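Chemist: Let me give you the structure first, and then I'll get to my questions.
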Amino acid sequence: MTAAVSAPRVILASQSPRRRELLALVGIAHEVRPADINEDVHPGEDPRHYTERLAREKAAVIASRESDAIIVAADTTVVVDDDILGKPVDAADARAMIRRLSGRSHVVMTGIAVAYRGRVESAVEEVGVTFRALSDDEIARYVATGEPMDKAGAYGIQGWGATIVDRVDGDYFSVMGLGLRRVVALLAAHGVEYRFAEGLVAAS
């Protein structure tokens, strides 16, 4: 029988407060080391590949500096009509994004990568999200809250944006930015087990 030992420290390669909150929600203690990478889309790159690539690159950057730690990285992309909607550059851009999503469905892709002991495991969660129809006044008032400005697709489902979402088909936490079920699965692929109320343990 393989002995279990306390897992190494966990580093979240993101400055997102939502991802920090989600790891804390399930008792995974962690440090924060945001990864600074180029997030430009490569020519001809499809949204799924783009999202997973960014997550893997973020994990690799921090892993190169923190080789003894478990690195958790993620990237979230909103996709509509095969177009990637990133973070809005200004209020007008945010209004245009939300107007485009109003009354219809889109896909939220969250790439998650876990690096440990020189190896990176990754996956992408795809979730369908449908907005209710919004008036121009509603859109303007939502953008005026400032909530859309630092979020892919110009909305946050965990905040005021929850009132404009009609339906979620898939993992709600992935829409927030970090699918916890997927994180646990990727940790397991590295031999790191998640235990309720105990945290993480690794095979010795």
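Chemist: Which of the residues that make up region 117-143 are of a type outside the set (D, E, K, R), touching a helix residue (DSSP H, G or I) at 6+ places or on another chain (Cβ under 8 Å) and not in a loop (DSSP other than H, G, I, E, B)?
Modeler: VAL120, SER122, ALA123, VAL124, VAL127, VAL129, PHE131, ILE139, ALA140, TYR142, VAL143
Chemist: Could you grab me the full set of residues in region 84-103 that are surrounded by fewer than 19 Cβ atoms within 10 Å (Cβ to Cβ) and modelled with pLDDT of 95 or more?
Modeler: ILE84, VAL89, ASP90, ALA91, ALA92, ASP93, ALA96, ARG99, ARG100, SER102, GLY103
Chemist: Does region 146-179 hold any residues that are more than 24 Å from ASP136 (Cβ to Cβ), out of contact with any Leu (no Cβ under 6 Å at 6 or more places or on another chain) and part of a helix (DSSP H, G or I), and which are they?
Modeler: Hits for region 146-179 are TYR172, SER174, VAL175, MET176.
Chemist: Does VAL129 meet the test of being touching a residue at least 40 places away in the same chain (Cβ under 8 Å), crowded, with 16+ Cβ neighbours inside 10 Å and under 17 Å from LEU85 (Cβ atoms)?
Modeler: The answer is yes for VAL129.
Chemist: Starting from region 103-122, take each residue that is over 13 Å from ALA188 (Cα atoms) and list its partners that are among the hydroxyl-bearing types (Ser, Thr, Tyr) and not in a strand (DSSP E or B), counting only C-beta distances under 8 angstrom and pairs at least six apart or across chains.
Modeler: Note: pairs meeting the criteria are VAL108/SER174; MET109/THR51; THR110/THR51; THR110/SER174; GLY111/THR51; GLY118/SER67.
Chemist: If you take the residues of region 24-68 that are of a type in the set (A, V, I, L, M) and surrounded by 20 or more Cβ atoms within 10 Å (Cβ to Cβ), which of them is nearest to VAL192 (Cα to Cα)?
Modeler: ILE28
The values are calculated or read from the model by the stated rules, or taken from the named source; none is laboratory data. Keep in mind that what you see is a predicted model, and the values were worked out from it rather than measured. Cβ atoms come from the backbone with ideal geometry, glycine included; neighbour counts cover every protein chain shown.
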